[in-house]
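The values are calculated or read from the model by the stated rules, or taken from the named source; none is laboratory data. Being a predicted model, the structure only gives us computed values, none of them experimental. Quick reminder, even Gly has a Cβ in these numbers, built from the backbone with ideal geometry, and neighbours come from all protein chains shown.
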Amino acid sequence: MTNHQKELISATVPILRESGEVLTNYFYARMFKHHPELKNMFNMGNQANGRQKSALANAVLAYAENIEDPSVLIGVLKGIGSKHISLNIQPEQYKIVGNHLIASIKEVIGEPATDEILEAWTTAFYQLAAIMINMEKDLYAENLSKAGGWNGWRKFIIKKIEQESAEIKSFYLYPEDGKEIADFHPGQFISIQVFIEELNLMQPRQYSLSSSYNKEYYRISVKRETGINSNPSGRVSNALHLKSEGDVVSISAPAGLFHLEKDSEDPLVLISGGVGLTPMLSMLETNMHSLQNKKTVWIHGCRNESVHAFKKQIEHLNQNAEWLETFTFYDTIEDETNLPVNTSQGRVNLEKCSESILLEGARFYICGPEIFIKTQYESLLNLNISEENIFYEEFGPQLINLN
């Protein structure tokens, strides 16, 4: 890009701040009209609730604001690239996106979007696309280099289903071809693809792996979400909860940046809300099966006992593992008998656990709803925890950018 083109991109920042979501809403409608087959690759629940449009608007704005040095966005781009390979995004699809994004800029912004500005944005988009395509090429190659690794969709049989709470079921997924499956870092996710009859579409969703690695199966633990006002957010989770043992689904290889470094000996502080406990369980099991048994503190919050998945297993481990300490917060407590140790009523409050979590060299992992992540992140900063030691996972489109 020339310096003049960068200046033109920077000049569009005020427009993007004001009309970014109008632009992305128009862009998605335009692209899906011309390429309805892409609906099979996009989460139509996030299209309906606006989260995907907001995420794209934020990304376009961030790119424009940092056009002088896009390298500052590399962490965000790596996260997007990891999600893309889990959906089997291919280079030719960037051209489709680019064509419709530039056309949308012209049609939405109108007269201020001069030919010169459109040319600058075209150059900027394909510069970004080249970065993403090269990054994803390396990730695809890394997948294939692993023992048992693959790219694209692979069929797995649901051999076992277990009810973990009133809302969460675990699915044990075995490869239909009987061949080896790829290793993964505790905390990573897989994408799963199911057909949604009422949409007449295949729909992908990402679910964290909820166990440590073994050579036979992957386990995911899925909360049955309830759609609101015809919002299709819960359609895939509901479809999964209706599956039976023996059914076949397609999944992609493990991916994701939110994970433990297996060789690290640093203490762990895990902070989860609701179904955000799933990647933490993978971390906990991995630590349990390792020789390190790193000091681990797990703080979990949910509405009540009935929705607390894996409660008995975690409590059993807590009573038998010297390296583990747990704290549980329930919004409401109906029966005070047989509660997990260190249980409190109310929302997660890290101040109540501060003596246990202020461990030298500890690494902090947060997973849960958006407001939960923001609240706990701020609480850790108030406890003088360095940003570089805080990691978080937001389910769905990335709307949070805290560090």
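If I filter segment 305-325 for residues that are outside any loop (DSSP other than H, G, I, E, B) and buried (at least 22 other Cβ atoms within 10 Å of the Cβ), do I get at least one hit? Break it down into steps so the answer makes sense when it comes.
Within segment 305-325, the first condition is being outside any loop (DSSP other than H, G, I, E, B), and the residues that meet it are 305-307, 311-320, 324-325.
Subsequent filtering for residues that are buried (at least 22 other Cβ atoms within 10 Å of the Cβ) retains none.
The answer is no; no qualifying residue exists.
Could you please find all residues in segment 324-363 being of a type in the set (D, E, K, R) and farther than 23 Å from LEU281 by Cβ? Steps first, answer last, please.
Within segment 324-363, the first condition is being of a type in the set (D, E, K, R), and the residues that meet it are 325, 331, 334-336, 347, 351-352, 355, 360, 363.
Matches in segment 324-363: GLU334, ASP335, GLU336, GLU351, GLU355, GLU360.
List the pairs whose first member sits in segment 315-329 and is over 19 Å from ALA362 (Cβ atoms), whose second member is among the polar types (S, T, N, Q) and exposed (fewer than 15 other Cβ atoms within 10 Å of the Cβ), and whose Cβ atoms are under 8 Å apart, counting only residues at least 6 apart or on separate chains?
Matching pairs, first to second residue: PHE329/GLN345.
Among residues belonging to segment 159-194 that are in a loop (DSSP other than H, G, I, E, B) and under 18 Å from GLY234 (Cβ atoms), point out the one that is nearest to the chain's Cα centre (by Cα). Even if it seems obvious, please write down each step before you answer.
As a first pass, look at segment 159-194 and keep what is in a loop (DSSP other than H, G, I, E, B): 164-167, 176-188.
If we keep only those that are under 18 Å from GLY234 (Cβ atoms) too, we end up with 164-167.
Working: GLU164: 21, SER165: 22, ALA166: 23, GLU167: 20 Å.
Among those that are in a loop (DSSP other than H, G, I, E, B) and under 18 Å from GLY234 (Cβ atoms), it is GLU167.
Might you let me know whether segment 338-359 holds any residue that is β-branched (Val, Ile, Thr), modelled with pLDDT of 95 or more, surrounded by 15 or more Cβ atoms within 10 Å (Cβ to Cβ) and under 27 Å from SER191 (Cα atoms)?
no
Taking the criterion of being over 29 Å from GLN193 (Cα atoms) and touching a residue at least 60 places away in the same chain (Cβ under 8 Å), would at least one residue in segment 124-136 satisfy it?
Looking through segment 124-136, at least one residue is over 29 Å from GLN193 (Cα atoms) and touching a residue at least 60 places away in the same chain (Cβ under 8 Å).
Would you mind stating whether GLN203 is in contact with a Ser or Thr (Cβ under 6 Å, 6 or more places away or on another chain), crowded, with 17+ Cβ neighbours inside 10 Å and within 17 Å of ASP247 (Cα to Cα)?
Details: in contact with a Ser or Thr (Cβ under 6 Å, 6 or more places away or on another chain): no; crowded, with 17+ Cβ neighbours inside 10 Å: yes; within 17 Å of ASP247 (Cα to Cα): yes.
Answer is no for this residue.
For segment 250-290, enumerate the residues that are surrounded by fewer than 20 Cβ atoms within 10 Å (Cβ to Cβ) and in contact with a Leu (Cβ under 8 Å, 6 or more places away or on another chain).
PRO267, MET288
Find all pairs meeting these conditions: Cβ atoms under 8 angstrom apart; at least six residues apart or on different chains; first residue within segment 293-305 and acidic (Asp, Glu); second residue in a helix (DSSP H, G or I) and surrounded by fewer than 24 Cβ atoms within 10 Å (Cβ to Cβ).
GLU305/LYS311
For segment 22-57, which residues satisfy the criterion of being among the charged types (D, E, K, R) and within 17 Å of GLY110 (Cβ to Cβ)?
Matches in segment 22-57: ARG30 only.
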